[in-house]
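No value in this document is a laboratory result; all are computed from the given coordinates. Everything numeric here is computed off the predicted structure, so don't read it as measured data. A quick note on method: Cβ atoms are made from the backbone with ideal geometry, for glycine too, and the neighbour counts reach across all protein chains shown.
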C-alpha cells in the first residue's frame, strides 16, 4: 500500500486537532507543529471539512477542530474518504478483476490484502493512535 502525502498529512492534522480538542487550532499552528507546507495544510483541512471530519471557524480567534470525538474517527474512514479503495490494480478494485488460467486466483490475493488493510485501519481511531494503542502484529 502506498500512503500518499495527502493521507499522511491528513492523519497528522487530525491527530493535532485531537490533541488540542476542544480548542480551535489555526492553520499556522498545524503548519509549524507538524512541519507541513502552509498551503498544503490549508488544502488538507478544507478537504477534511468537506468530508465531515473537521469544522472551521473564520475570523479572529478562528481555526479548526474535530467535528466529532477522536474515538469515533477511524483511520480507515479517513483513508477511504480521501483516497478511495485501499487496494486497486490498474485503478480497478480487486473484486472487479477476472483473470484466467494460472492467474485466476490473483484477484483473490489482492482482495485478501484489501481485507487485511481494512482490518487494521478500521480498528484504529484517532484516540487510539494518539496514545499509541495499536493492533498487535500478527504472529505469522
Failed condition for residue 113, given (1) under 21 Å from the mean Cα position of the chain (by Cα); (2) surrounded by 11 or more Cβ atoms within 10 Å (Cβ to Cβ); (3) not in a helix (DSSP H, G or I): (3)
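In the set 87, 60, which member is farther than 16 Å from residue 114 by Cβ and not in a helix (DSSP H, G or I)?
Values: 87 fails: farther than 16 Å from residue 114 by Cβ.
Result of the check over 87, 60: 60.
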Residue tally, condition in contact (Cβ under 8 Å) with a residue 12 or more places away in the chain and in a loop (DSSP other than H, G, I, E, B), over the stretch 32-57: 5
Single residue of 135, 107 found to be more than 23 Å from residue 54 (Cβ to Cβ) and surrounded by 13 or more Cβ atoms within 10 Å (Cβ to Cβ): 107
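Please work out if residue 12 is touching a residue at least 12 places away in the same chain (Cβ under 8 Å), assigned to a helix (DSSP H, G or I) and out of contact with any helix residue (DSSP H, G or I) (no Cβ under 9 Å at 6 or more places or on another chain).
No: the conditions fail for residue 12.
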The lone exception for residue 68 - which of (1) more than 23 Å from residue 120 (Cα to Cα); (2) free of Cβ contacts under 8 Å to residues at least 24 places away in the same chain it fails: (1)
Cβ-Cβ under 9 Å pairs, at least 6 apart or on other chains, the stretch 111-123 side over 14 Å from residue 88 (Cβ atoms), far side loosely packed, with under 14 Cβ neighbours inside 10 Å: 116/138; 119/135; 120/134; 120/135; 123/134; 123/135
Residue in the stretch 28-41 that is surrounded by 13 or more Cβ atoms within 10 Å (Cβ to Cβ) and touching a strand residue (DSSP E or B) at 6+ places or on another chain (Cβ under 7 Å) present: no
Among residues of the stretch 71-88, those that are in contact with a helix residue (DSSP H, G or I) (Cβ under 8 Å, 6 or more places away or on another chain) and surrounded by fewer than 13 Cβ atoms within 10 Å (Cβ to Cβ), counted: 1
Yes/no for residue 23 being assigned to a helix (DSSP H, G or I) and closer than 20 Å to residue 130 by Cα: no
